[in-house]
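Data first, discussion second: the structure below is written as structure tokens.
The values are calculated or read from the model by the stated rules, or taken from the named source; none is laboratory data. Everything numeric in this text was worked out from a predicted model, so none of it was measured. Because the Cβ atoms are built from the backbone with ideal geometry, glycine has one as well, and the counts that use them run over all protein chains shown. SASA here: full protein model, heavy atoms, side chains in, ligands and nucleic acids out. Shrake-Rupley method; radii C 1.70, N 1.55, O 1.52, S 1.80 Å.
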Amino acid sequence: DLGDKKLTSKAGTEFGFDKLVIATGCSPIILSKLEGAGLKGIHYLRENADALQLYDSLQAHKGEDVLVIGGGYIGMEVAAAAAIVGCKPKMIFPDSHMMSRLFSASMADKYESFYREKGIEFYKNGYRCEAFVGDEDGNLSGVKVSLDGKEEVIPGKICIVGVGARPNSHLFSDQVWEWESIFLFVACY
């Protein structure tokens, strides 16, 4: 009840408030519309269980190519972790440099140079993921990318997608909001 500044739980307990913060978190953007989106070997990170599953997958594919779609925090961290484990990460993103919303080009260049020294390859400056490619058993075998109208398949049995997140606002989609009284805080991890 926004007028009386009360929040009632499912169990019926009432809580009074002066200011209400609703921290719903985020969910990763899933590339579900791409061909092959349901193949085994495609990972998204949201929960601890996702990270544990990815860790096991990286351990099982040491020395192999690992595809990382996205050049933000998730992409950077996963590529670094994959390299530490002994995989061969390939970062794929359309921007001119990693962390393009936060890093200047010169700052990103320092990170990218360091990453290259660790064996991480980059497909950037317009590269876009067009489809996931699989084998006859439903396992990922690569990612089809395009650049300037040309397509190629980058091979890999594991792909981590880190292209952003959307707020979990659906939890309150049937509510009427008086935004002056409520601050909706979305913590994306």
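Note that the stretch 126-141 has calculated 3J(HN,Hα) couplings of x, 5, 10, 7, 9, 6, 9, 10, x, 9, 5, 9, x, 9, 4, 10 Hz, one per residue in order, obtained from phi through the Karplus relation 6.51 cos²θ - 1.76 cosθ + 1.60 (θ = phi - 60°); glycine and proline are x.
Counting Lys and Arg as +1 and Asp and Glu as -1, what is the net charge of the other residues whose Cβ lies under 14 Å from the Cβ of residue 103? Overall, the nearby charge balance is 0. Here is the list for the stretch 103-148: GluC sites (Glu not before Pro) lying in DSSP coil, each with at most 10 other C-beta atoms within 10 angstrom of its C-beta, are 136.
Indicate the gyration tensor shape class of the stretch 105-171 (rounded, prolate or oblate), computed on the Cα atoms with a ≥ b ≥ c the square roots of the eigenvalues: a/c under 1.5 is rounded; otherwise a/b larger than b/c is prolate and the rest oblate. Oblate, because a/c is 1.5 or more while a/b does not exceed b/c. Close amide H pairs (under 5 Å, H built 1.01 Å from N) link residue 133 with 141, 142, 143, 144, residues at least 5 positions away or on another chain. Within the chain, the longest run free of trypsin sites (Lys or Arg not before Pro) that sit in a DSSP loop with at most 15 other Cβ atoms within 10 Å is 119-189.
Toward the positive end of the charge dipole of the chain, with +1 on the Cβ of Lys and Arg and -1 on the Cβ of Asp and Glu, the farthest Cα among 43, 164, 80 is that of 80. Using the alpha-carbon centroid of each, what span in Å lies between the stretch 89-114 and the stretch 50-82? Computed from Cα coordinates, the inter-centre distance equals 17 Å.
Between helix 73-85 and the chain, what is the angle of the helix's C-alpha long axis to the longest principal axis, kept within 0 to 90° and rounded to the nearest 10? Here the helix axis deviates by roughly 50 degrees. Per-atom-type breakdown for the chain gives carbon and sulfur 52% of the accessible area (1.4 Å probe, protein chains only). Amide H contacts of residue 27 (H built 1.01 Å from N, in plane; Pro and chain starts excluded): 166, 168 sit under 5 Å, all sequence-distant by 5 or more or on other chains. Rolling a 1.4 Å probe across the protein heavy atoms gives the stretch 16-94 an accessible surface of 51 Å² per residue. Bridge orientation summary for the chain: considering DSSP beta bridges with both residues in this region, about 45 percent are antiparallel. The Cβ shell under 13 Å around residue 142 holds other residues with a net charge of -4, Lys and Arg each +1, Asp and Glu each -1.
Gain on full extension, evaluated as 0.36 nm per residue between residue 106 and residue 84 minus their Cα-Cα distance, stands at 5.5 nm. All other residues whose Cβ lies under 14 angstrom from that of residue 50 are scored, Lys and Arg at +1 and Asp and Glu at -1, for a net of -2. Anisotropy class assigned to the stretch 60-136 is oblate, per the alpha carbon gyration tensor with a/c at or over the 1.5 cut-off and a/b no larger than b/c.
Database remark: amide H of residue 158 closer than 5 angstrom to the amide H of 67 (H placed geometrically; neighbours at sequence offset of 5 or more, or on other chains; Pro and chain starts carry no H).
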